[in-house]
Amino acid sequence: VTHRQQSGPNDRRSDGARQKSDVRQPKRAEEALAREILNNSANLISLKDAEGRYLFVNRQFEKTLHVRQEQIRGKKDDEIFPPEQAAAFRANDLQVLHAGVPMEFEEATLQDDGAHTCLVQKFPLINAEGKVYATGGIGSDITERKRAEQALRESEEHYRLLCEGAADVVISINESGQLVFVNPATDSARQAVVRADVGVAFATKDSLRAILQACAESVVRHFEAALARIWTPDKDHDVLELQASAGLHTDLDGPHSRVPVGFLNIGQIAKERKRLVINDVVNDPWIPDKAWARNEGVMAIAGYPLLVRDSLVGVMTFFSKSSLSTETLDALASVADAIAQGIAQKRAEEAWQSRQAELARVARLATMAELSASIAHEVTQPLAAIVTNGDACLRLLASDRPNVSETRGAVASIIRDARRAVDVVARVRALLKKSDVDRTPLDLGQIVRDVLALVPREVAGHRIVLQTSLADDLPPVLGDRIGLQQVVLNLLTNAIEAMRDVAERRRELVISSRRYDVGPDVGVLVAVQDAGVGFERGSLDQLFEPLYTTKPDGLGMGLSISRSIILSHGGRLWATPNAGYGATFQFVLPAWKSQRP
Amino acid sequence: VSGADSIVFIVDDDPSMCEALTRLLGTVGLKTQVFKTAHELLGTKRPDTPSCLVLDVRLPGLSGLDLQRELANADPPIPIVFITAHGDIPMTVQAMKAGAVEFLTKPFRDQQLLEAVQQAIDRDRAARHQRAELAELRRRYESLTQRERQVMTLVVTGSLNKQIAAELGTSEATVKAHRAQLMRKMEAESVAQLVRIAEGLGLPPPRR
């Protein structure tokens with residue numbers, strides 16, 4: 001075998017010499033050139049026969065391992081190198097001889113300055129019969145690189161420990177903007193920031209949708225979510241309605257705008273009230289739309305039921321382009337909890353407000369019912385007496401010998417009782433007009449302020465933009481404080497109700513008070529201007545009629561009573577449609593002339 | 001129309017209504033006595049004659065329904081016709097359950113009121129007649145001796161003179177004498193009539 005292997009190149013060379021003797025010279029020159037290249041390579045190059053005997057080593061090999069070409073040629077590794085090294089070299093050579101293909105190994109060598117590592121490319125040399133007759137090796141010293149790698153690993157480990165233990169936020173983002181590292185402190189910091197955003201959203205925004213949208217946007221911004229969405233259950237808890245969507249999709253009317261409870265992953269979260277985490281979206285059997293996830297690069301999904309005292313107030317979902325750590329999931333759970341608490345509180349406030357409104361309405365109705373019952377009784381008494389006297393009258397006249405004096409008495413009674421009924425009606429009107437006895441000098445500006453202090457909830461609840469322009473130097477008016485407060489409250493309530501269905505513009509309510517002189521007469525004007533539905537000019541006369549109303553649940557008494565109160569104060573109350581939207585209701589009262597007796 | 005002796009009491013705080021009612025009832029020959037409050041009526045000795053009460057529900061102080069409750073325990077009881085300017089169903093039900101003859105809403109039809117008042121007076125007259133009859137029977141029964149009452153009790157249960165004599169440990173002749181005496185005192189003409197009287201008086205059956 002040895003002979004054949006050794007003779008192979010010679011055969012080939014002699015073949016070539018025989019066939020092309022004219023190229024022998026260049027061939028020799030070629031070999032010299034090859035040797036020159038090999039000797040000038042920075043790699044360690046060697047050639048061994050199948051038995052492991054060295055055939056050739058280059059100069060770098062000689063230099064690095066302190067052996068000379070003449071010393072090593074024909075020798076095996078175990079005659080030159082320490083036994084362990086030699087055994088390793090031979091084992092690698094045997095692998096290549098056996099496999100017949102090039103292979104790469106890391107081989108340790110002992111050098112002057114200690115142990116070195118070489119990355120050695122070993123390859124088989126194959127003769128004409130296809131037999132491997134020798135192995136070549138090209139080794140490069142990677143000791144420095146190895147050391148650098150080790151140092152880097154140690155340094156990375158060091159920094160990782162530092163980052164994870166640090167209270168500060170450490171985020172690492174690669175050149176394409178993807179998040180590659182986040183330390184646990186970051187999660188707690190993001191959690192705190194987003195929870196703060198949630199608190200601000202609930203405190204400053206009115207509609208639940210706007211609040212939840214702000215929450216979702218904060219989650220997307222601070223947790224680098226691909227998509228964050230929030231659903232709330234409908235009235236019957238049958239369907240989840242999409243309230244907020246931030247990130248990849250912001251459309252609320254898309255295919256998942258209404259998800260029945262129990263359907264899809266979202267509906268399951270609502271039904272089972274358990275957190276759902278999928279960290280390998282593309283391979284998860286429960287993800288129906290994998291193409292979407294693949295296209296958008298969504299890797300992980302987390303879904304949280306929004307729970308407050310075991311009652312479900314919503315579902316939050318979180319889509320991420322990187323997998324989610326336990327710390328991040330816990331931070332998101334804390335955010336979900338803050339949102340859930342907010343929703344529950346918002347719902348409670350809404351319920352309280354509608355109860356208050358209902359209470360006020362019922363109280364108003366009760367007052368009206370009581371008043372009308374009382375009026376009815378007062379008027380019915382004389383009317384009943386009139387009817388009874390009339391009946392008696394007819395019976396007396398039907399007699400054969402009518403009792404004239406008794407009949408006359410009956411008619412006299414009828415007239416007397418009819419007058420009494422008229423008196424009752426006059427008394428009711430006087431009651432509404434109020435008497436002069438309770439009148440004191442009053443500051444109308446203060447009355448307006450007192451009433452405004454009563455209605456902040458109404459103003460906020462209807463998202464009214466309230467502007468006040470109250471003059472400080474108003475002359476006092478003589479009047480009934482409660483009556484005038486009722487008028488102002490009534491005008492404010494009307495203005496607020498007129499804007500109840502206004503959505504396309506700001507619900508502006510301007511209340512102003514100022515001096516209003518007519519010739520020599522000093523007066524005070526109070527105006528309430530709304531941007532509501534207004535009224536038609538044709539209905540202006542009807543506005544102040546009792547029982548006239550445009551409101552579905554209105555009694556139609558407010559303006560009529562208000563005007564009689566103002567009239568009883570010697571003032572006047574009128575309404576004008578605004579140039580733009582809505583109407584202005586205003587009244588003028590004469591100033592109090594204190595010097596007059 | 002009805003007996004000249006009957007009288008209608010009216011309790012209404014509205015003098016006009018009282019006057020009009022007096023005039024209307026007068027057209028059918030009924031006398032009235034008017035009171036402004038419930039207390040005024042309670043503090044007055046009413047004449048012992050067939051009567052009824054026309055009562056307004058809403059009164060100062062004791063209400064019409066309160067007065068009805070007070071009068072339920074009074075002797076003698078009096079039928080009530082309610083009138084009101086605004087009655088509701090629960091109020092009406094309460095009044096009718098407590099025995100009111102009628103509940104009228106002002107202004108009412110004269111015929112309705114007159115019929116109700118007439119019905120109330122007739123009811124009172126019948127009740128008075130019944131009460132007077134019972135009082136007379138009681139008086140007669142009170143006049144019996146102890147022995148006569150014992151004999152009466154045994155007679156109405158169907159005992160023969162011989163049995164009564166044995167029961168009381170006396171002679172048949174003595175029993176006969178007691179029997180004749182008590183029949184005379186009770187103004188009973190037959191045993192059957194005596195049995196009815198005993199029933200009316202609610203006499204207890206003889207102890208055995």
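Mind counting the residues in region A:399-413 that are among the basic types (Lys, Arg) and either within 11 Å of another protein chain (Cβ to nearest Cβ) or closer than 16 Å to B:Val28 by Cα (or both)? Can you show your working first?
Step one: list which residues in region A:399-413 are among the basic types (Lys, Arg), which gives A:401, A:408.
Subset that is either within 11 Å of another protein chain (Cβ to nearest Cβ) or closer than 16 Å to B:Val28 by Cα (or both): A:401.
So the answer is 1.
Could you please find all residues in region A:206-224 being of a type in the set (Ser, Thr, Tyr) and in a loop (DSSP other than H, G, I, E, B)? Give the steps one after another, and end with the answer.
Pass one, region A:206-224, residues of a type in the set (Ser, Thr, Tyr): A:207, A:218.
Within region A:206-224, A:Ser207 is the sole residue that qualifies.
Just the residues that are over 15 Å from B:Gln146 (Cα atoms) and among the hydroxyl-bearing types (Ser, Thr, Tyr), please, taken from region B:159-208.
B:Ser159, B:Ser171, B:Ser190
Is region B:176-197 home to any residue that is loosely packed, with under 12 Cβ neighbours inside 10 Å, within 31 Å of the chain's Cα centre (by Cα), without any contact (Cβ under 8 Å) to a residue 60 or more places away in the chain and in a helix (DSSP H, G or I)?
Yes, because at least one residue in region B:176-197 is loosely packed, with under 12 Cβ neighbours inside 10 Å, within 31 Å of the chain's Cα centre (by Cα), without any contact (Cβ under 8 Å) to a residue 60 or more places away in the chain and in a helix (DSSP H, G or I).
Please tell me if B:Leu144 is part of a loop (DSSP other than H, G, I, E, B) and either modelled with pLDDT of 90 or more or not small (Gly, Ala, Ser) (or both).
Values: part of a loop (DSSP other than H, G, I, E, B): yes; either modelled with pLDDT of 90 or more or not small (Gly, Ala, Ser) (or both): yes.
The answer is yes for B:Leu144.
Taking B:Thr32, is it touching a helix residue (DSSP H, G or I) at 6+ places or on another chain (Cβ under 7 Å) and among the polar types (S, T, N, Q)?
Numbers: touching a helix residue (DSSP H, G or I) at 6+ places or on another chain (Cβ under 7 Å): yes; among the polar types (S, T, N, Q): yes.
It is true that B:Thr32 is touching a helix residue (DSSP H, G or I) at 6+ places or on another chain (Cβ under 7 Å) and among the polar types (S, T, N, Q).
Just checking: which of the strands (runs of 3 or more DSSP E) contained wholly in region A:105-180 hold 3 or more residues that are at pLDDT 85 or above and crowded, with 17+ Cβ neighbours inside 10 Å? Give the steps one after another, and end with the answer.
On the way: elements: A:114-126, A:132-141, A:171-173.
Output list reads A:114-126, A:132-141.
Is there a residue being of a type in the set (A, V, I, L, M, F, W, C) and in a loop (DSSP other than H, G, I, E, B) anywhere in region A:308-319? Show your work before the answer.
Taking region A:308-319 as the starting set, the residues that turn out to be of a type in the set (A, V, I, L, M, F, W, C) are A:308, A:312-313, A:315-316, A:318-319.
Still in the running and in a loop (DSSP other than H, G, I, E, B): none.
The answer is no, given that none of the residues of region A:308-319 is of a type in the set (A, V, I, L, M, F, W, C) and in a loop (DSSP other than H, G, I, E, B).
Mind telling me which of the residues B:Glu136, B:Glu115, B:Glu148 ends up being within 30 Å of A:Ala376 (Cβ to Cβ) and of a type outside the set (Phe, Trp, Tyr)? Break it down stepwise before answering.
On the way: B:Glu136 fails: within 30 Å of A:Ala376 (Cβ to Cβ); B:Glu148 fails: within 30 Å of A:Ala376 (Cβ to Cβ).
Exactly one residue qualifies, and that residue is B:Glu115.
Kindly indicate the residue of region B:1-36 that is modelled with pLDDT of 90 or more and more than 14 Å from chain A (Cβ to nearest Cβ) and also farthest from A:Asn389 (Cα to Cα) among those meeting that condition.
Applying the filter and picking the extreme gives B:Ser6.
Across region B:78-120, which residue is farthest from the other protein chains (Cβ to nearest Cβ) among those that are touching a helix residue (DSSP H, G or I) at 6+ places or on another chain (Cβ under 9 Å) and of a type in the set (Lys, Arg)?
Among those that are touching a helix residue (DSSP H, G or I) at 6+ places or on another chain (Cβ under 9 Å) and of a type in the set (Lys, Arg), it is B:Arg109.
Of everything in region A:376-405 that's small (Gly, Ala, Ser) and in a helix (DSSP H, G or I), which residue is modelled with the lowest pLDDT? Even if it seems obvious, please write down each step before you answer.
Of all residues in region A:376-405, those small (Gly, Ala, Ser) come to A:376, A:384-385, A:390, A:392, A:398-399, A:405.
Next, from what is left, pick out any that are in a helix (DSSP H, G or I): A:376, A:384-385, A:390, A:392, A:398, A:405.
Working: A:Ala376: 76, A:Ala384: 93, A:Ala385: 94, A:Gly390: 96, A:Ala392: 94, A:Ala398: 92, A:Ser405: 92.
Looking at the filtered set, the residue picked out is A:Ala376.
Among the residues of region A:302-341, write down those that are among the hydroxyl-bearing types (Ser, Thr, Tyr) and either touching a helix residue (DSSP H, G or I) at 6+ places or on another chain (Cβ under 6 Å) or closer than 12 Å to A:Val219 by Cα (or both).
A:Tyr304, A:Thr317, A:Ser320, A:Thr328, A:Ser334
The values are calculated or read from the model by the stated rules, or taken from the named source; none is laboratory data. Source: prediction; values computed, not measured. No Cβ is skipped: glycine too gets one built from the backbone with ideal geometry, and neighbour counts run over all protein chains shown.
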